[in-house]
Each structure stands twice: as structure tokens, then as C-alpha cells.
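The values are calculated or read from the model by the stated rules, or taken from the named source; none is laboratory data. Since we're looking at a predicted model, the values are computed, not measured. For neighbour counting, all protein chains shown are included, and Cβ atoms are generated from backbone atoms with ideal geometry for every residue, glycine included. Calculation scope for accessible area: heavy atoms of the full protein, side chains included, ligands and nucleic acids excluded. Shrake-Rupley method; radii C 1.70, N 1.55, O 1.52, S 1.80 Å.
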Amino acid sequence: MKTPRNRGIGMLIITAYGVFAVSSFARAGYQIVPLPQEDKVQFADAPLALTLSAFAAAVYIIATLALARTTTTAWKVAMVAVLIEMIGVIGVGAWTLVQPELFEVATVWGGFGRDYGFIPLILPFVGLFWLLKHRPAHSP
């Protein structure tokens, strides 16, 4: 019998996504919530970067929840989330190199995940590999 997608190595992948879900959500929340601090960049100062941080957090949360489930629908949702993550980290990473002035505030995907040890660049490839390896069985 085949090991379920959310067991074994799958648990490590889900844990990695969970860590990024929590950390990116906390970072986006801290960056976006209007706290009166002189040294904190406010949302009005960097709306693009902060919106992208919140979007990345949402993608990681959805991916984590979908990866943790074993239904066919969850597999499809996880696949879409991981592909969006892959496009996002590559797209935002390239964008931060081309127009760094738009990204005065760091984002999870900025610089291809440089602030997070480039794990955001590697994680979607690992997630995609794992999902493709554990495709749901087709019903007759």
C-alpha cells in the first residue's frame, strides 16, 4: 500500500509550508497593520511590496491546508497553490531585481526569497515534485 501524501516526507513538506504560512502571515500583518512607530514603513509608503507579502502569506496558508489533506480536491488546490507560489517567487524575484525601487520593503518572495535563505525558491519545486509523485488515483 502506498504511503499517503501527507505522511513521511510529506509531513516535512507540510511543516515547511506551515512555517512559511505562519512567518509570512506574521510578517505581512506586522508590516500592514498601522502601528504608530517612527522606524516602521507604513502601508502607504510601500503598498505593492506589502500587498505581495500578504498575497504570499495567503498562498502559503492555502498550500499548507491543501497539502495536509489527501482528497482529490485538496490535491488540485495544492497543485494550483504551489504553481502560483512558483510563478510568484520567480516573478517577484525578477521584478525586485529589475525595479528595486518599488520594493523598499522586503517581501517573502523578493530577491527569490533571499531573506529566507532562498527556501521560497526551492520549496515550490519540492512541493510540485511531491504532488506529481502522489497524484490521486483515478476512479473507474
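The table below gives the values:
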| read-out | value |
| --- | --- |
| Only one of 12, 35, 50 that is among the aliphatic types (A, V, I, L, M), more than 24 Å from residue 132 (Cβ to Cβ) and either surrounded by fewer than 18 Cβ atoms within 10 Å (Cβ to Cβ) or modelled with pLDDT under 80 (or both) | 35 |
| Unique residue being of a type in the set (A, V, I, L, M), assigned to a loop (DSSP other than H, G, I, E, B) and either more than 13 Å from the chain's Cα centre (by Cα) or on the phi > 0 side of the Ramachandran plot (or both) when the list is 12, 50, 35 | 35 |
| Among (1) closer than 23 Å to residue 96 by Cα; (2) under 12 Å from the mean Cα position of the chain (by Cα) - the single one residue 63 does not satisfy | (1) |
| Residue ID - farthest from residue 17 (Cα to Cα), chosen from residues in the range 103-140 that are open to solvent by 70 Å² or more (accessible area, probe 1.4 Å) and aliphatic (A, V, I, L, M) | 137 |
| Residue ID - most open to solvent (accessible area, probe 1.4 Å), chosen from residues in the range 68-102 that are charged (D, E, K, R) and over 14 Å from the mean Cα position of the chain (by Cα) | 69 |
| Yes/no for residue 114 being under 14 Å from the mean Cα position of the chain (by Cα) and basic (Lys, Arg) | yes |
| Any chance residue 63 is in contact (Cβ under 8 Å) with a residue 40 or more places away in the chain, crowded, with 17+ Cβ neighbours inside 10 Å and part of a helix (DSSP H, G or I) | yes |
| Scope the range 98-130; condition touching a residue at least 12 places away in the same chain (Cβ under 8 Å) and polar (S, T, N, Q); matching residues | 107 |
